[in-house]
Each structure stands twice: as C-alpha cells, then as structure tokens.
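As structure tokens, the structure follows; a few thoughts come after it.
The values are calculated or read from the model by the stated rules, or taken from the named source; none is laboratory data. On a predicted model such as this, the values are computed, not experimentally measured, just so you know. Neighbour counts run over all protein chains shown; Cβ positions are idealised from the backbone, glycine included.
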Amino acid sequence: MTLRPWARRFAVGTASAAALVAFAVPADAATPTADTSAGTATTAAVAASAAAVDYATWQRDCQAVMDQAMPYLKQRIADTRPGEKQAIVFDIDNTTLETDFGFSYPQPANKPALAAAKYAQDRGVAVFFVTARPGIISGVTDFNLTYVGYKVSGLYVRGFFDLFKNVADYKTAQRVDIEKRGYTIIANIGNSATDLSGGHAEKTYKLPDYNGQLS
Ligand SMILES: [Mg+2]
C-alpha cells in the first residue's frame, strides 16, 4: 500500500512520538540495580502502570499529598525573607508529567503538581526539574514541561557520566548546585525515594509510586 504524503508524514510523526515516549519512560525507572536496557525497562514500566493503579486512584492519591503541601507552600512563600531566592524542585516522571498514564507527546501535566507549581511560579518562586532522564531528550522534555504550563527555571538531566552514578546521589548533587546558585529550596517534590533522600530541601513531599511500580 502506498501512503499519500500527508498520511506518510502522520505515520512517521506518530512513530517518532511513540519512540520518544518509550525512550523517556525508562530513564526514571532506571535504578542502580535495575536492568536498564531500554526494551526491558519500557515493558516493565508499562506493565507496572497497568497493574499498579488506575488513573483516578493515582490522581486522588497525588491530590491528597499536594493538599498537605499547599498550606506549607503558601505560608513559606508568604514568609519569604529579604533577599531570599526561593525554589521548588520537582521530579518529572509521574510527578509533574503523567508519564505512565499519558501515552502521548506532549505528555499531560500531573494536575495536582501543576497547580502547586503554578501557585509558586506566579509568585516568583523558581521551579527546577531534576530528572534521571538522559540529556539527549533534554530539549523535548523542556518543551513538554513548558507546553503544559510549567515555567522552567532550570532542567537538570543526566549527562553521560551521571548515568553511572546512583540516582539519589545524582539528584542530591543537582540540589546542591541549585543552592550554590543562591536559591533556598523550600520543597522537593517527587514520587520515588531516590528523588527525596539526601537532604538539601526544607521539606520533602512524596507522591505515590506504589512500591516502585511508577517511575
Ligand atoms: Mg518519578
């Protein structure tokens, strides 16, 4: 069968977007001990998301965490000290984007996280994203975050040598870098333990990962 030019373009575009998402998914799923081969991780992530939880439950669980975070964030932002540059650090996959639920590109925002980010960014708080996604997809990730409403003050992706580091150590090092740039990290929000360990944030808020089943 011969595709008409527009149909062929659509087919290629669809394939590319699917490949992009498939490539994006295993990045945060990778842990120092996991099988990080793309095919295995992608299959595992898809299977896990299907088995772990339905979308409505996930959204309700995320909302419950952000309902706890918001009163603190509102108070802490209102109490900004003179000269203080406040920042919030977010994980990306299944924290700020619906990675394991939104099989499209751009991926939709995780709405409870977006609401918190918008509250903060509208009040001058810098919003940083620290992800285990590899640097090669930095551009599409930045576009995706901006497209769905995040104001990206900085995006930290893993460089080649970071791929050999423990994910928690890598993410902690990025928060140290943000602090070196003069920011006070008032909150660090993620859905994996490796997003949040290591300090360098006044508060941490953990969204669900259902025992590691969501990246
Ligand atoms: Mg995540």
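Remarks
- Residue satisfying condition, being within 13 Å of the chain's Cα centre (by Cα), of a type outside the set (Lys, Arg) and under 18 Å from Ser192 (Cα atoms), within set Thr57, Thr131: Thr131
- Checking Ala126, Ala117, Ala132 one by one, the residue that is of a type in the set (Gly, Ala, Ser), within 16 Å of the ligand (Cβ to nearest atom), at pLDDT 95 or above and buried (at least 17 other Cβ atoms within 10 Å of the Cβ) is Ala117 and no other.
- Failed item in (1) assigned to a strand (DSSP E or B); (2) closer than 11 Å to Ile88 by Cβ, with Arg133 passing the rest: (2)
- Any pair with Cβ under 6 angstrom, 6 or more apart, that starts in region 149-161 at a residue that is touching a residue at least 24 places away in the same chain (Cβ under 8 Å) and ends at one that is among the hydroxyl-bearing types (Ser, Thr, Tyr) and not in a strand (DSSP E or B): Val152/Thr146; Val157/Ser138
- Of the listed requirements (1) aliphatic (A, V, I, L, M); (2) touching a residue at least 40 places away in the same chain (Cβ under 8 Å); (3) within 17 Å of Ala69 (Cβ to Cβ), Leu196 misses just one: (2).
- Residue tally, condition in a loop (DSSP other than H, G, I, E, B) and either in contact with a Ser or Thr (Cβ under 9 Å, 6 or more places away or on another chain) or touching a residue at least 12 places away in the same chain (Cβ under 8 Å) (or both), over region 81-94: 5
- Meets criteria (of a type in the set (S, T, N, Q), under 25 Å from Gly83 (Cβ atoms) and either modelled with pLDDT of 95 or more or surrounded by fewer than 19 Cβ atoms within 10 Å (Cβ to Cβ) (or both)) for Ser192: no
- Condition check for Pro71: farther than 27 Å from Lys203 by Cα, away from the ligand (no atom under 15 Å from the Cβ) and at pLDDT 90 or above: no
- Helices (runs of 4 or more DSSP H) lying entirely in region 136-215 (those with 1 or more residues that are away from the ligand (no atom under 13 Å from the Cβ) and closer than 25 Å to Trp58 by Cβ): 138-147
- Residue count, region 79-113 (criterion: closer than 23 Å to Gly199 by Cα and hydrophobic (A, V, I, L, M, F, W, C)): 6
- Here Asp142 clears all of (1) of a type in the set (D, E, K, R); (2) more than 13 Å from the chain's Cα centre (by Cα); (3) within 13 Å of Leu97 (Cβ to Cβ) except the condition numbered (2).
- Of everything in region 169-189 that is hydrophobic (A, V, I, L, M, F, W, C) and buried (at least 18 other Cβ atoms within 10 Å of the Cβ), the residue that is nearest to Asp79 (Cα to Cα) is Ile186.
- Cross-chain or 6+ apart pairs with Cβ under 7 Å, region 96-123 first and outside any strand (DSSP E or B), then among the charged types (D, E, K, R): Thr99/Asp93; Gln107/Glu98; Pro108/Glu98; Asn110/Glu98; Gln121/Lys151
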